[in-house]
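In what follows, a single structure is set out as structure tokens and then discussed.
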Amino acid sequence: MQDFIQELHTILPEERIKIQAMMKEHTTFRVGGPADVLVSPQSVEELTRILSLAKENQIPYYVIGHGSNLLVGDGGIRGLVIEFGKEYAGITWDGNISLTVQAGCMMSTAANFAYKQGLTGMEFAAGIPGTLGGAIRMNAGAYGGEMKDIVKTVTVMLPDGDVKVMDRDEMHFAYRHSIADEQDLIILETELVLEHGDPEAIQARMQELGQARREKQPLEYPSAGSTFKRPEGYFAGKLIMEAGLAGYRVGDAQVSEKHCGFVINRGEATAKEIDTLMQDVIRKVQEKDGVTLEPEVRRVGEFV
Ligand SMILES: Cc1cc2nc3c(=O)[nH]c(=O)nc-3n(C[C@H](O)[C@H](O)[C@H](O)COP(=O)(O)OP(=O)(O)OC[C@H]3O[C@@H](n4cnc5c(N)ncnc54)[C@H](O)[C@@H]3O)c2cc1C
């Protein structure tokens with residue numbers, strides 16, 4: 001690992017290499033122990049060099065965006081974390097209805113950019129607190145919209161390091177799923193196709209959805225959004241509420257009373273507490289309704 005870190009310095013400047021990076025500072029749940037090393041690439045060339053160095057040294061890697069859908073274990077992550085953030089977040093507009101957005105760009109930034117060009121179609125995404133890369137991987141969606149509705153192509157890096165442009169149909173988008181999960185692809189950028197719209201109406205819709213989120217979701221606490229996927233024919237939050245679990249706590253991890261679909265961190269929650277609480281919720285809902293909840297939040301790293 002020491003050799004690997006030393007060689008990383010030949011690729012990236014000091015400020016974009018973090019040793020023993022506390023993942024609680026890189027996740028919206030605000031939990032997670034140290035990653036051995038975390039890097040933030042700003043070009044495909046850098047990424048290619050980082051990945052080939054990791055391969056040479058047999059260092060495993062994990063890609064993250066804003067960490068808004070992650071539960072990282074208290075033991076942290078062994079190996080390399082590649083974080084796509086503000087260093088890789090450009091937006092290019094073709095002057096008409098197409099935006100090309102890099103993986104590290106926040107959804108809110110892209111949605112606001114679209115609004116300023118009078119482009120409609122991305123309003124649903126303005127309040128999803130993640131990056132475009134994470135949103136494509138998850139086929140993130142809200143209020144009737146999903147990434148698959150606006151994606152034209154996705155540029156990915158394949159596990160062998162080749163770069164490929166994939167059409168929407170090749171992406172295998174489904175509920176909170178894309179081909180990136182099946183083949184462990186790294187999302188580099190995406191071309192979105194929107195429509196011309198009325199800027200006032202676009203802004204009004206974004207404000208309306210933002211207001212709905214503030215009213216219904218416990219945004220005042222750290223969380224990873226909806227903790228469980230929506231089971232077919234049900235709503236996870238409703239099942240959890242009906243199982244009498246509103247406010248249920250394990251240490252500082254709690255089922256939100258405002259929205260039972262959210263697990264929140266009341267302050268000092270550990271990943272273990274959140275994990276235990278999630279298992280309790282799954283078991284109790286299963287006992288009451290016979291429905292097995294499946295986590296939407298991704299569990300990463302070492303749970304001690
Ligand atoms: C308050 C709150 C509200 C939320 N509301 C919604 C909502 O309405 N709808 C919704 O769908 N989600 C919602 N979420 C969950 C989350 O914001 C989305 O899943 C988001 O798309 C995750 O993006 P991210 O950049 O944070 O990804 P991360 O959490 O960093 O990663 C998520 C997954 O994507 C992978 N990944 C990230 N970047 C890349 C990349 N460049 N290439 C390959 N894989 C990558 C990671 O390995 C991981 O598997 C909410 C979360 C919070 C905290």
Mind checking the dipole of segment 2-86: about its Cα centre, +1 per Lys or Arg Cβ, -1 per Asp or Glu Cβ, Debye to the nearest 20?
280 debye
Select from the chain the helices, each a whole stretch of DSSP H, whose alpha-carbon atoms run 24 Å or more along the helix axis and whose Kyte-Doolittle mean is at least -1.0; answer none if there are none.
271-289
Regarding segment 148-275, what whole-number volume in Å³ per residue does the convex hull of its Cα atoms give?
165 Å³
Taking placed amide H atoms and a strict 5 Å upper bound, the residues 5 or more places from Thr120 or on another chain that come that close are Glu195, His196, Gly197
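Based only on other Cβ atoms within 10 Å, what is the fewest-to-most ordering of Ser256, Ser108, Ser52?
Going from least to most buried by this count: Ser52, Ser108, Ser256.
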Size of electric dipole in the chain: Cβ of Lys, Arg +1 and of Asp, Glu -1, about Cα centre, debye, nearest 20
840 debye
Could you tell me the extents of segment 88-202's C-alpha atoms along the three principal axes, largest first, rounded to whole Å?
45, 27, 23
Using a 10 angstrom cutoff on alpha carbons, build the Gaussian network for the chain and name the most mobile of Gly144, Gly90, Gly134.
Gly144
Within the chain, longest stretch free of exposed GluC sites (Glu not before Pro) [DSSP loop, at most 11 other beta carbons within 10 Å]:
1-219
What are the semi-axes of the equivalent ellipsoid for segment 2-86, taken as the square roots of 5 times the Cα gyration tensor eigenvalues, largest first, in whole Å?
21, 14, 11
Could you work out the helix-only [θ] at 222 nm for the chain, with each DSSP H run of four or more residues adding -39,500 (n - 2.57) and the total divided by the number of residues, to the nearest 500 deg cm²/dmol?
-8500 deg cm²/dmol
Which distance in Å, rounded to a whole number, links the C-alpha centroids of segment 1-61 and segment 112-165?
25 Å
Cα pair count fraction exceeding 17 Å, expressed as % - segment 220-300:
36 percent
Using the Cα centre of segment 2-86 as origin and beta-carbon charges of +1 (Lys, Arg) and -1 (Asp, Glu), tell me which of Leu71, Ile19, Phe84 is placed farthest towards the positive end of the dipole.
Leu71
Determine the distance separating the Cα centre of segment 271-304 from the Cα centre of segment 178-253; give it in Å without decimals.
18 Å
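Can you check what the Kirkwood hydrodynamic radius comes to for the chain, Cα pairs only, in Å to one decimal?
After inverting the mean inverse Cα-Cα distance, the result is 20.1 Å.
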Work through the residues other than Val101 whose Cβ is under 9 Å from its Cβ and net out their charges, Lys, Arg +1 and Asp, Glu -1.
-2
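Throughout, read-outs are computed from the coordinates displayed, never taken from laboratory work. Nothing here was measured: the structure is a model prediction, and the numbers come from that model. Heads up, the Cβs are rebuilt from the backbone with ideal geometry, glycines too, and the neighbour counts pull from every protein chain shown.
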